[in-house]
Every structure is written in C-alpha cells, then in structure tokens.
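The values are calculated or read from the model by the stated rules, or taken from the named source; none is laboratory data. It should be emphasised that the depicted structure is a prediction, and the values quoted were computed from it without experimental measurement. Note that we place each Cβ from the backbone using ideal geometry, even for glycine, and neighbour counts take in every protein chain shown.
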Amino acid sequence: MNFPAILLLRRADPNTPLAAHLAAGLLALLLLLAPPARGQVSLDPGAPAAFQPDRILVKPAAGADLSGLHASLGTTVLREFPGIGGLQVVQVPAGAGVPALIAAYQLSALVQYAEPDFIVHALDTTPNDFRYWDGSLWGLHNTGIYGGTPGADIRAPQGWDVQNSAANIIVAVTDTGAWLSHEDLAANLWTNPGESGKDALGLDKSTNGIDDDHDGYIDDVHGINAILGTGLPLDDYGHGSHVSGTIGGVGNNSVGITGVAWRVQLMECKFIDAQGNGSISNAITCLDYARQKGAKIVNASWGGYNFNSSALYDAINSLRSAGILFVAACGNDNNDNDARPLYPASFNLDNIIAVAATNRTDAKAWFSNYGAHTVHLGAPGEDIFSCWNGSDSAYQYDNGTSMAAPHVAGACALIWAHNPGATYQQVRNSILSSTDPLPTLASHTVTGGRLDLYKALMVSIPSGTTTGTPSPAPSPVPSPVPVPVPL
C-alpha cells in the first residue's frame, strides 16, 4: 500500500548563472544576513507518502452522529470543523494501525470518507526600498542585470501607478509562520481585532493570556501556530517569511525589499515545522481559521503527488463558498501536472490559481512544473530575494514555484483593493486574461503567459458587484481506498 508524499514547493537551483550566485553571495556576506545553507528538498513524483501514525481524517455522512462509532473503535475526536461539513480529526488508539482503522470507518454508512493525515514538507509608483533599486527584485522590475532580460518582469512600477496598497485586504499565508518583528513585515501583519485593545480589566488583550475572542487560541494577534495550537506563528524555517515578503513586504520604507503590495494585511498561519514537515489536518486548521477571520486570499506554496485528499478539497471548497481565492504553487520537478497531478494546485475548483515559475529571461524556470490544462500562468520564481528568519533584517535569495505563487497572491490583493466590489471569479479572471504571452509557456500553461500586474489592474470590472453564491463545485476524483495491512 502506497500513500503519496507532499512537499513544500521550494528548492535551490544549481543552474543559476554564476554572476547571480556571486552577487547574491557577496551581498549576503556584506550584510551578514544569510543563515547556513540547508539541504535541498527532493520530491519524487512516484514516491510513497508519509502520514501521521496517530490521527486520521473522518467526514460524517450528512446528519450522522459518529459518537457510537468512535466509542466502538476506541477513538476520540481531537478537532472538528463545522464549516467543512463536520470534518473531524480523529485520534488513533495505541496499538491500532492507520490503514485498518480507515477501513473500519469506511465500512460504516455513517461516514462519507476516512483518509490518512498526510505529511507535507516545505517547498520552499516606485518605492525607495534599497533592494528594489539595486536590482535584486528583478521579478518586479527587471533592468537586465545578472544576465536578465530587461522587461522580463510583472511590470510592477506601471501597476503601482494604478494601485500600490491593499491595506484593507487580508492574505492568509499558510506556511511556516513569519519572523514577526522583521523590519519589512511587522507593519503589514494582520491584527486580530478580537485580540487587540483593552479587556474588561484594562489589560492589553494581545498579551493578557486569555482567549478573548473565544476562537480556541490565546493571544492570536497575527495568526496561529496550528502545530502547537497557539497564537504565536513564529517562523523557524525561513520559507514563510520569504513568501510573506514577496506578497507584502512593506514598500517605500527605505529599507530592504518591497512586496508586490506595499501595504496589505498578512495573516500568518503556521502548519509547517522547523524540519519542513506539516500535516493535512493542520493545513485545514489554517484554512478554516483564514475563512473565519475574513481572509480574501490564501497563499499555498506547498503540495504533492499521488494523493487526492477529499478533506483538503472540502476545505478549499469551503473557501470558495466564502468567496476566497486560493493561490497555489504547482511544483518544482519539471513535471507535467496534466499527466501526474500535484495537489492542491490540481484540484478542479474555480477559486484556485495554479502558478508556474519563470526566470530572469522570461523562460519557464528549468525546475518548474507545467500543465497545459492544469497550471494557469507563470510568475517570477527563480533567484527571488525576500525576507528571511533569523533577525529583524534578514534577507535571502530563494527559488521555486513557492516564490512564484506569492507574486500572484500580491497581485490579487491589489486588484481586489482597486475593485472592492469584485467577486473572486472577477479577480481571478483579471489575472488570467491579462498575462504577457511567453513562448516557453505557450503549450505549458492555460494562459500561455506570465503575470502582468499593470494589465491585470487595467481589466475593467463592473462597479457595484457583490460576491454571490458560487455554482456547486465539481466532485473530486476519489482517492484509492487504502488496503488494510497486518498490524
């Protein structure tokens, strides 16, 4: 029996031009910013998946009460998601095996589905910000340095003349958390209104040690840590800080970098740990939190092959029902996602935007996955400079579709701020109908092009529209039923 692996879509690029490597290394040495190099994450599309040995995901049939079934199997419910059809995270009893327990649940008419809790791994107007002017942020404005092609970028300066702030838009970053005091992130972090201000005793809600808004998390001021069940999403891996910086690093503050959106509300939802591992159940916890707290966009720079989790599909569909966009990295294995899907990017839901990576010369990055029918567009994802963990002024280059997706998420935020009455379908269409055609993406993506912020902002969206009820989502392709094995 094989279960698939899920990996955060990030990896180093050994084919980066030597000049770029030398420049990046010199800048890091001078600024003492870069942490020690880490091993690359390798993703084998055919590899079996790991899963949590101590819990599974179970969704009751409509109106079913599973309490008796849980009692008969010796299981307990750890977490429940009313907004996702009552989906439950169920504790596996000591001595029991995951495949056998799943089979027992699937035999009951009370259960819609039961599946493993798969493990995920980390994939990893003009501003005055220093790193914008020295050419490091080529994805925003490519001047041709380090072997790049002038104009091979998302046309951010032209777009910023139209809209550079999305201060009222919440973007949930489901990742490894963030360095919360970083000079280019702190001012753009979302602040939970239920955990800020004074409580009845005059104490600061953000530090009073009380779950003031009764959401299950104490002092969740800027987001949550779903791994520990706390309100402190500290980044101990670096990936989440990097993604956050690309979406919404503070613009025009004279230091560091700028994100696609100079101002935005970054909701940090940590479910990936210091080793780059996470679980579907914790990812769903983050998605459900983002939905309840008013996020308009979710960035998902993670994914994997050989699984089709109904629970994860249901969670993203619940975002869709709430009018929330889901921007997903498409993978880093030069894989055709049409032939071998990578999820969640390949789920057939119209609130998903699947993103490939491009490089400084406007070509598809050598590592980037593609798919003429399943990957929507490209965005800069090679040699991307952004925030890092380790200090309040840490920055680093990184590569991957993990870096491409946040360019699109940031663009979606600006479009929504520019068109506050737009639906998620209209924002998505603005992105997909306005790409710059690229030869290397012509037969590799749905649009055949790379993100163009300026053209996307110029797409006309009728005023006065409101988010309506979307049409029913298509049913997911069911995952293979696990075969019980000896315990």
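The requirement of being surrounded by fewer than 23 Cβ atoms within 10 Å (Cβ to Cβ), of a type in the set (Val, Ile, Thr) and in the same structural domain as residue 299 (by TED's automatic domain parsing) is not satisfied by residue 427. Within segment 345-359, the set of residues being assigned to a loop (DSSP other than H, G, I, E, B), under 16 Å from residue 428 (Cβ atoms) and of a type outside the set (Gly, Ala, Ser) comprises 347, 348, 349, 350, 351. Picking from residues in segment 211-237 that are crowded, with 24+ Cβ neighbours inside 10 Å and charged (D, E, K, R), the one that is farthest from residue 385 (Cα to Cα) is 220. Of the strands (runs of 3 or more DSSP E) lying entirely inside segment 177-289, the ones with 1 or more residues being in contact with an Asp or Glu (Cβ under 9 Å, 6 or more places away or on another chain) and modelled with pLDDT of 95 or more are found at 223-225, 263-270.
Within segment 199-226, being among the acidic types (Asp, Glu) and over 28 Å from the mean Cα position of the chain (by Cα) holds for 199, 204.
Only residues that are assigned to a loop (DSSP other than H, G, I, E, B) and either acidic (Asp, Glu) or within 19 Å of residue 409 (Cα to Cα) (or both) were counted across segment 301-344, and they come to 10.
Is it the case that segment 294-303 has a residue that's over 27 Å from residue 264 (Cα atoms), at pLDDT below 95 and either out of contact with any His (no Cβ under 7 Å at 6 or more places or on another chain) or assigned by TED's automatic domain parsing to the domain that holds residue 178 (or both)?
No, the conditions are met nowhere in segment 294-303.
Taking the criterion of being farther than 25 Å from residue 333 by Cα and either under 12 Å from the mean Cα position of the chain (by Cα) or of a type outside the set (A, V, I, L, M, F, W, C) (or both), the residues of segment 285-306 that qualify are 285, 286, 287, 288, 289, 290, 291, 292, 293, 294, 296, 297. Screening residue 309 against (1) under 22 Å from residue 265 (Cα atoms); (2) more than 16 Å from the chain's Cα centre (by Cα); (3) hydroxyl-bearing (Ser, Thr, Tyr) leaves a single unmet condition, (1). Filter segment 132-176 down to the residues that are in a strand (DSSP E or B) and buried (at least 23 other Cβ atoms within 10 Å of the Cβ) and list them by number. Once the filter is applied, which keeps residues that are in a strand (DSSP E or B) and buried (at least 23 other Cβ atoms within 10 Å of the Cβ), segment 132-176 yields 166, 169, 171, 172, 173, 174, 175.
Comparison of 303, 240 shows that the only residue that is touching a Lys or Arg at 6+ places or on another chain (Cβ under 9 Å) and buried (at least 24 other Cβ atoms within 10 Å of the Cβ) is 240.
Just checking, does segment 229-240 include any residue being more than 30 Å from residue 400 (Cα to Cα) and either aromatic (Phe, Trp, Tyr) or within 23 Å of the chain's Cα centre (by Cα) (or both)? No, segment 229-240 has no match at all.
The condition (being assigned by TED's automatic domain parsing to the domain that holds residue 434, surrounded by fewer than 22 Cβ atoms within 10 Å (Cβ to Cβ) and in contact with a Leu (Cβ under 6 Å, 6 or more places away or on another chain)) is satisfied by just one residue among 333, 350, 392: 333. Please tell me if residue 379 is at pLDDT 95 or above, under 27 Å from residue 279 (Cβ atoms) and among the small types (Gly, Ala, Ser). Here the answer is no, as residue 379 does not meet what is asked. Per the conditions (1) within 18 Å of the chain's Cα centre (by Cα); (2) under 21 Å from residue 120 (Cα atoms), the sole criterion not satisfied by residue 322 is (2). Note on segment 375-416: residues that are over 20 Å from the mean Cα position of the chain (by Cα) and either of a type in the set (A, V, I, L, M, F, W, C) or part of a helix (DSSP H, G or I) (or both) amount to 1. Restricting segment 138-156 to residues that are closer than 20 Å to residue 456 by Cα and of a type in the set (A, V, I, L, M, F, W, C), which is modelled with the highest pLDDT? Once the filter is applied, the top-ranked residue is 156.
Rundown of residues vs (1) farther than 27 Å from residue 272 by Cα; (2) modelled with pLDDT of 95 or more; (3) in a helix (DSSP H, G or I), yes/no style:
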{"position": "361", "(1), (2), (3)": "yes, no, no"}
{"position": "373", "(1), (2), (3)": "yes, yes, no"}
{"position": "440", "(1), (2), (3)": "yes, no, yes"}
{"position": "443", "(1), (2), (3)": "yes, no, no"}
{"position": "455", "(1), (2), (3)": "yes, yes, yes"}
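In the same structural domain as residue 247 (by TED's automatic domain parsing), within 25 Å of residue 251 (Cα to Cα) and not small (Gly, Ala, Ser) - does that describe any residue in segment 365-374? No, segment 365-374 has no match at all.
Apart from one condition, residue 377 fits all of (1) in contact with a strand residue (DSSP E or B) (Cβ under 7 Å, 6 or more places away or on another chain); (2) surrounded by fewer than 24 Cβ atoms within 10 Å (Cβ to Cβ); the exception is (2).
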